[in-house]
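Derivation of every value follows stated rules applied to the coordinates shown; laboratory data play no part. Nothing here was measured: the structure is a model prediction, and the numbers come from that model. Positions of Cβ are generated from backbone atoms using ideal geometry, with glycine treated the same way; all protein chains shown enter the neighbour counts.
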Amino acid sequence: MVCYASLGGSGVVATELARALADRGHEVHLISSEPPFRWQDGVARLTFHRVTVPSYPLFREPQYLLALANTIARVADEQQLDIVHAHYAVPHATAAYLADQMLHASRGGAQSTRTVTTLHGTDITLVGSDASYARAVAFSIERSHGVTAVSHSLKADTVAALGIRRAIQVIPNFLDCTAYRRRVDPALREELCPTGSCDALLIHMSNFRPVKRVDLVLDVFRALRRRVRARLVLIGDGPVRPDVARQVDDYGLTADVVFVGEEHDPVRWLSVGDLFLLPSAQESFGLAALEAMACEVPVIASNVGGLPEIVHQGVTGFTSAPDATEEMADNAIALIRNPDRRRAMGAAAAEMVRTLYCTDRIVPLYEEAYQLAHR
Ligand code: GMT
């Protein structure tokens, strides 16, 4: 399993998939620059391999792609890997391809390791389609033995942006449905949204990158705060967090916005929320929205990318045009003022997650993709 260690959905999915496969009896080796954000030590049949990137005075930038391809080939030889599963095409699909060619050179016709690439979103919509990368990314995707995408929307974006002609299987993101269940901590709820002075607690969780439009989260919050007593919890960290903190101060929201930072127990915080806000500019799937819905929190999101595939209008939440913050606020207020409807929507959301997006339903689809890559 090859992925990024940084705070983001692709690393979370790769780590959860690695753990689920190990639990199902597979020997799994996860390769990254450091243990990923949700990594846990001590899982049987699951081993971490660090990519070390030696510096050299001549290099202005680390030669990560070379070191990664080298590590993949080494682990493939040492562990007789059946599959190299690259999560996030840039540069993991290219490193997997280079490793595959290295293994061919050393093993000849007996080369039995196959590569599968999973496209996660910005590896296509933002980064991969950039003229600086597009040709190499398209080449690498075409030469993976198997390719999956986390949503139908992302599959369509991949064909449109990179002209990919080969088969792409849609395998949605998933989560551990035994871990992701609403478990309200009354003390935390009372601390964050005191009875008598707070009627609604809104949650946003992301890696605080510009594409997540946390600035619009504040706009929605400001709009609805004029009409209901609400507080906002911001979970996560990333490049735009300082700007958001400044905007919170500038808007006079400091007393009603709580910054939680990087959170290793999102269920605890999501479970005390009434609504989840995700007005992203682009979102190929929106794993955070799935996690919120699993905790019975209806989602107010933008109707971009894969979000409409998981947020069913008026059933598990509401989607609007990305900058339609007044409409998002109106939808939020309608649910705040109708607690029964909000609770029913939250229950429907959790039921949908448990029906369609649990580990036991999705992981076998990846196992099938691995089998297919060997045909
Ligand atoms: O942050 C990113 O843009 C990259 C990636 C990540 O590592 O968080 O997010 C993408 O992959 C997630 C897991 O498949 C998806 O749930 C996110 O929707 C997707 N992000 C975007 O498309 C913006």
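Roughly what would the spin-label model give for Leu126 and Ala334, points 7 Å off Cα along C-beta, in nm?
If labels sit at Leu126 and Ala334, their model points lie 3.0 nm apart.
Quick one: Cα centre-to-centre distance for the range 283-297 and the range 1-23, in angstrom?
Here the two parts' Cα centres lie 17 Å apart.
Can you give the angle from 0 to 90° between the axis of helix 339-356 and the longest principal axis of the chain, with both taken from C-alpha atoms, to the nearest 10?
The angle comes out near 10 degrees.
Whole-Hz Karplus ³J(HN,Hα) for the range 270-282, in order, using 6.51 cos²θ - 1.76 cosθ + 1.60 and θ = phi - 60°, x for Gly and Pro?
Once rounded to whole Hz, the list reads 4, 5, 9, x, 9, 9, 10, 9, 8, x, 4, 6, 9.
For a quick check: with amide H placed at 1.01 Å from N, whose amide H comes under 5 Å from Leu278's, ignoring anything fewer than 5 positions away on the same chain?
Correct list: Ile300, Ala301, Ser302.
Give me the base-10 log of I(q)/I(0) for the chain at each q in 0.11 Å⁻¹, Debye formula, one uniform scatterer per Cα, rounded to two decimals.
Listed by q, the Debye log ratios stand at -0.77.
Given labels modelled 7 Å from the Cα in the Cβ direction, how far is it in nm from Gln313 to Arg226?
2.6
Angle, helix 214-225 long axis vs. longest principal axis of the chain, Cα atoms, 0 to 90°, nearest 10?
Its long axis makes an angle of about 20 degrees.
Points 7 angstrom from Cα along the Cβ direction at Leu253 and Asp360: gap in nanometres?
Result: 4.0 nm between the two label points.
Given the DSSP H assignment, sum -39500 (n - 2.57) over each helix run of at least 4 residues in the chain and divide by its residue total; what's the result at 222 nm in deg cm²/dmol, nearest 500?
Mean residue ellipticity, 222 nm, calculated: -13500 deg cm²/dmol.
Relative to the longest principal axis of the chain, what angle (0 to 90°, nearest 10) does the C-alpha long axis of helix 241-250 take?
Approximately 10 degrees, to the nearest 10.
Just checking the chain: which Cys have no other cysteine's beta-carbon under 4.7 Å?
Cys3, Cys295
Taking amide H positions as placed 1.01 Å from N in the peptide plane, with prolines and chain starts having none, which residues 5 or more places from Leu30, or on another chain, fall under 5 Å of its amide H?
Distant-sequence amide H within range of Leu30: Thr47, Phe48, His49.
Gap in Å between the Cα centre of the range 63-88 and the Cα centre of the range 325-375?
33
Could you work out how far the C-alpha centroid of the range 185-253 sits from that of the range 132-172, in angstrom?
When both Cα centres are located, 35 Å separates them.
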